[in-house]
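The values are calculated or read from the model by the stated rules, or taken from the named source; none is laboratory data. Predicted model, so just to flag it, every value in this text is computed and none were measured. A quick note on method: Cβ atoms are made from the backbone with ideal geometry, for glycine too, and the neighbour counts reach across all protein chains shown. What goes into the accessible areas is simple: the full protein's heavy atoms, side chains included, and nothing from ligands, DNA or RNA. Shrake-Rupley method; radii C 1.70, N 1.55, O 1.52, S 1.80 Å.
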Protein chains: 2
Amino acid sequence: MGIAVDRPQPGSGPYHVQLATSLRTRLERGELRSGDQLPTSRELAKELGVSRSTVVRAYEELERGGWVEGRVGRGTVVTARGAAEGRAGPDWDGLLTDRARPSSTEHGEVLRMLATPGLLSFAGGVPSPEFYPAEAFQQITSEVLRQQGPRILQSCPLDGYPPLRSWIAERAGCAAEEVIVLTGSTQGLHLLAQAFVRPGDAVIVEAPTYAGALRAFRAAGARIHGIPSGPLGLDLDALRALLRRVQPKLLYVIPTHHNPTGASLSIPRREALLDMAAEYGLPVVEDDAYATLRYDGPALPSLRSLDRGGHVIYLSTFSKALFPGLRVGWMMAPQPVVRRLSSLRNVIDLFTNSLTQATLYEFCKRGLLDAHLQQVRPIYAERRDSMASALRRYAPELSFDVPHGGLFLWVRLSEKVTGFRLLQASVQQGLGFLVGTLFHAGSGGENHIRLCFATHPQRAISDGARKLAVALRQVGEEDVVRREVDAEGFVV
Amino acid sequence: MGIAVDRPQPGSGPYHVQLATSLRTRLERGELRSGDQLPTSRELAKELGVSRSTVVRAYEELERGGWVEGRVGRGTVVTARGAAEGRAGPDWDGLLTDRARPSSTEHGEVLRMLATPGLLSFAGGVPSPEFYPAEAFQQITSEVLRQQGPRILQSCPLDGYPPLRSWIAERAGCAAEEVIVLTGSTQGLHLLAQAFVRPGDAVIVEAPTYAGALRAFRAAGARIHGIPSGPLGLDLDALRALLRRVQPKLLYVIPTHHNPTGASLSIPRREALLDMAAEYGLPVVEDDAYATLRYDGPALPSLRSLDRGGHVIYLSTFSKALFPGLRVGWMMAPQPVVRRLSSLRNVIDLFTNSLTQATLYEFCKRGLLDAHLQQVRPIYAERRDSMASALRRYAPELSFDVPHGGLFLWVRLSEKVTGFRLLQASVQQGLGFLVGTLFHAGSGGENHIRLCFATHPQRAISDGARKLAVALRQVGEEDVVRREVDAEGFVV
């Protein structure tokens, strides 16, 4: 074989060292493969015009470094290690399972747009940081560490720090054994998907629904069926029609202050849903993340509290009532389910940060959770109303229902405007939000956007509504131009 | 149909209420199914010797409660809800995926034994709580909350709190983009299993190896191949022989202060392993949980630091160097792998508790991690030596190597004694430890036990060794008796 190495130069050190370095550079660039034969010392010496012993000494140098080795009958060959240097290692992408492969959806493009610096963002799904009870948390964390010392930094039961678990159970009126504390409700969805969904299993969700739930069920390989969900909550007739032909593993539903629609299912509809669950033996996952953020009228009973048949797995989180950095949520389910999920959790993250759980327990026990909710509810209600008025004023062509709770307005655009196009135009105005398609498993949501009303004060809300109006006008004008162009038969 | 209801009794309230209650009790017991027909009011009135209007009013009562309904041509039938009351809901167990089903192994029995109250336990795999730097953590948590306020309670990037990520990268001499901060290294194993292992894929592990890794790969449906791992670390010849016939997704290895054996792979063997990885395109997961707990001689370079081919995914945790309640670990991998794992993590728990990450960063940055390690290393080394001497003194029939680091002695029993039987006898003496079979994917480890030497002070270690000696004697005597009984042909 010919190998292109530099001819040693006088004055640049010993010839054999120069030669070895030159050869190693070739190897480091991955130009040779394991088992490739190097020229014989005689051939290379002749080619480079150096003595044969120079080449032999260079080869010996490389051999000491593990780059090459002598093999009987084949001369000097490149070792596996020599060949691997400078390469990128295994074909990592080829080794990935489907669930870990990049999906090229609109989602990625939306996230890139929302990362634009300086954006006024209505995209978030979390409460407003200005009200986070950081000081109380600081004080209680210190107290817990002072009082409990190293013990609280030790391992913790898989199903949760016992006092927190009991507190949650008591508040919900169930047994502690029916509760499992989670590392956020995202973990709950993952755990449920791992426990119940095999590839190809059917899962029913609302359309639209929480994007994180879609991700969780998709990653487990579920066939996802969407049931329309509007101002009255999920469409029970459509659900019944689907249940007649599909036997799902789970129905995932957000009955109270729905994300993204804001709608709540009435009590009679909750009962009708439970009747259907009983009739079809249907396991229901109730995501109740937003229940405590209610601004008008009395609180709604959870599906779980109405269910006497043991069909409901209840999932909630402290991320919406308090703050997301906690990563603490919980699930309530029939005891056998809790036992199975706890033991599956052994594989997922063992247990939830024990100091955080202990601090949260003290915080709740002292009534600070309720006090915090009492503080933020009227503020968020006011912001909701501000956003509704600002939109009515600046963008009257938009339509939406004003929800009784939660964090979102789900806004319908005209048929001609897609949320994605409107987001593109809005980002140019310095405004961000989420587009409706993210909340659908299949098609749907093209003409909707989701605005979070809780994050910003009134002035920013008005400002955002004005930006949205400008973007709407731009998109509308483009549409007129496009239709005129189309009408005149121009090729665009 | 006949329905066994109690005949209303005078003096026990209105007849129709008594009758409705009696019927509801039947329904609550789940004795009737949805759609079952109740007797006509005429039939039931005749059967019970009451007036027909009593039965009609009882049925009306049940109808208001949603238990029954009138259907044209079928009279009074049980509703879905009526049928569901009192039932246990869906067949939850039948709905579970295989990974969530209970496995009835020796493991469960061992855990039950170890839960015996008052046990002196050498079973743990965590450092000693008496040295946890709880006070420093308390102070730094307060500082972080005071300085950063609500911001630190907000969401955090999926790949980690940026300063902590950078600190880890700098210490390891890699780019921050090659690091992902995890909710404990258990999450790392789960993430890797989710990302790389499809059911039926081959994964190679050491035999014995960390039980949590076995759980993670098993839950993903891996075919697990064990390679013997002894005092010199994993058997490279056996690995090569296996690689000739199996193409694994991953090799999982604990090269430094192995759990449970305590062994470390020498530098030449590390290089030989990397050569083999390069030759076979083998992805290697290096679990380095115990590296910082080294008591003799210079630290060993990690596989990752020796690997120039990009074959190694490195996994570690703060649980062993500090304390397990943190739930913070990290992974270092080629950038494309880190990107895929971060995005898969979106499905698993979003991100790791942000306040904990910030506190940990400050703790490390101030040199307190290194100071803590300097404090505990000599203490653990002393305890290791104490346990070795105590065992040699009280139970000279046991054999073990004294490891240069980590937390464990891996103790070989005589062929006649199983770890499981010895644990049963030891628990009666008030001593607990782990049995060797837990660390094997298939058979193996029957004659081994794992003792953690770091948890208890010298006096408790001696006490434990004496208890173990008593248990050994008991088991040995039983063995003699059993053999004598067998020899005499008695039926036991």
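Selection of first residues in the range A:235-253 that are free of Cβ contacts under 8 Å to residues at least 40 places away in the same chain and of second residues that are of a type in the set (Asp, Glu) and open to solvent by less than 30 Å² (accessible area, probe 1.4 Å), restricted to Cβ pairs under 9 Å at least 6 apart or on distinct chains, gives the following pairs, ordered by first then second residue: A:Asp235/A:Glu206. Taking residues in the range A:22-46 that are at positive phi, and partners anywhere that are modelled with pLDDT under 70 and open to solvent by 20 Å² or more (accessible area, probe 1.4 Å), the pairs with Cβ atoms closer than 9 Å and at least 6 places apart or on different chains are A:Gly30/A:Gly86; A:Gly30/A:Arg87; A:Gly30/A:Ala88.
Out of A:Gly432, A:Gly445, A:Gly405, one residue alone is surrounded by 20 or more Cβ atoms within 10 Å (Cβ to Cβ) and within 19 Å of A:Ser121 (Cα to Cα). It is A:Gly432. Could you list, in sequence order, the residues of the range A:161-194 that are touching a Phe, Trp or Tyr at 6+ places or on another chain (Cβ under 7 Å) and within 25 Å of B:Thr356 (Cβ to Cβ)? Scanning the range A:161-194 gives A:Tyr161, A:Pro163, A:Leu164, A:Trp167, A:Ile168, A:Val179, A:Ile180, A:Val181, A:Leu182. Looking across the range A:128-165 at every residue that is among the charged types (D, E, K, R) and farther than 27 Å from B:Arg151 by Cβ, the one that is nearest to the other protein chains (Cβ to nearest Cβ) is identified as A:Arg151.
Of all residues in the range B:122-130, at least one satisfies being assigned to a helix (DSSP H, G or I) and in contact with a Pro (Cβ under 8 Å, 6 or more places away or on another chain). Selection of the range B:198-213 for residues being buried (at least 24 other Cβ atoms within 10 Å of the Cβ) and within 12 Å of another protein chain (Cβ to nearest Cβ) yields B:Val203, B:Ala213.
Among the residues of the range B:49-69, the one identified as in a strand (DSSP E or B) and open to solvent by 60 Å² or more (accessible area, probe 1.4 Å) is B:Glu69.
Considering (1) facing chain B (nearest Cβ under 8 Å); (2) over 21 Å from A:Thr352 (Cβ atoms), the lone condition that A:Ala216 does not fulfil carries the number (2). Taking A:Glu382, is it buried (at least 16 other Cβ atoms within 10 Å of the Cβ) and acidic (Asp, Glu)? When the stated conditions are applied, A:Glu382 does not pass them. Being of a type outside the set (Phe, Trp, Tyr) and either within 14 Å of chain A (Cβ to nearest Cβ) or touching a Leu at 6+ places or on another chain (Cβ under 7 Å) (or both) is true for just one of B:Ala241, B:Ala193, B:Ala176. Which residue is that? Just a single option satisfies the conditions, and that option is B:Ala193. When you look at A:Glu271, is it facing chain B (nearest Cβ under 10 Å), open to solvent by 30 Å² or more (accessible area, probe 1.4 Å), in contact with a helix residue (DSSP H, G or I) (Cβ under 9 Å, 6 or more places away or on another chain) and at pLDDT 95 or above, yes or no? Criteria met by A:Glu271. Please state which one of A:Glu170, A:Glu177 is modelled with pLDDT of 90 or more, assigned to a helix (DSSP H, G or I), open to solvent by 20 Å² or more (accessible area, probe 1.4 Å) and over 22 Å from A:Gly367 (Cβ atoms). Answer to the selection: A:Glu177. Any residue in the range A:258-268 that is more than 27 Å from A:Val338 (Cα to Cα), surrounded by fewer than 23 Cβ atoms within 10 Å (Cβ to Cβ) and not hydrophobic (A, V, I, L, M, F, W, C)? Yes - at least one qualifying residue is present in the range A:258-268. Remark: B:Gly30 matches the filter, which requires a residue to be surrounded by 14 or more Cβ atoms within 10 Å (Cβ to Cβ) and at pLDDT below 75. Within the range A:345-372, the set of residues being among the hydrophobic types (A, V, I, L, M, F, W, C) and modelled with pLDDT under 90 comprises A:Val347, A:Ile348, A:Leu350, A:Phe351. Any residue at all in the range B:385-397 that's part of a loop (DSSP other than H, G, I, E, B), more than 19 Å from B:Lys320 (Cβ to Cβ) and in contact (Cβ under 8 Å) with a residue 24 or more places away in the chain? Checking the range B:385-397: at least one residue is part of a loop (DSSP other than H, G, I, E, B), more than 19 Å from B:Lys320 (Cβ to Cβ) and in contact (Cβ under 8 Å) with a residue 24 or more places away in the chain. The single condition among (1) surrounded by 20 or more Cβ atoms within 10 Å (Cβ to Cβ); (2) at pLDDT below 95 that A:Lys416 does not meet is (1). Residue-level check: of (1) at pLDDT 75 or above; (2) facing chain B (nearest Cβ under 10 Å), A:Glu109 misses just (2). Only one entry of A:Leu234, A:Leu192, A:Leu239, A:Leu250 meets the criterion of being surrounded by 22 or more Cβ atoms within 10 Å (Cβ to Cβ), within 19 Å of the chain's Cα centre (by Cα) and at pLDDT 95 or above, and that entry is A:Leu192.
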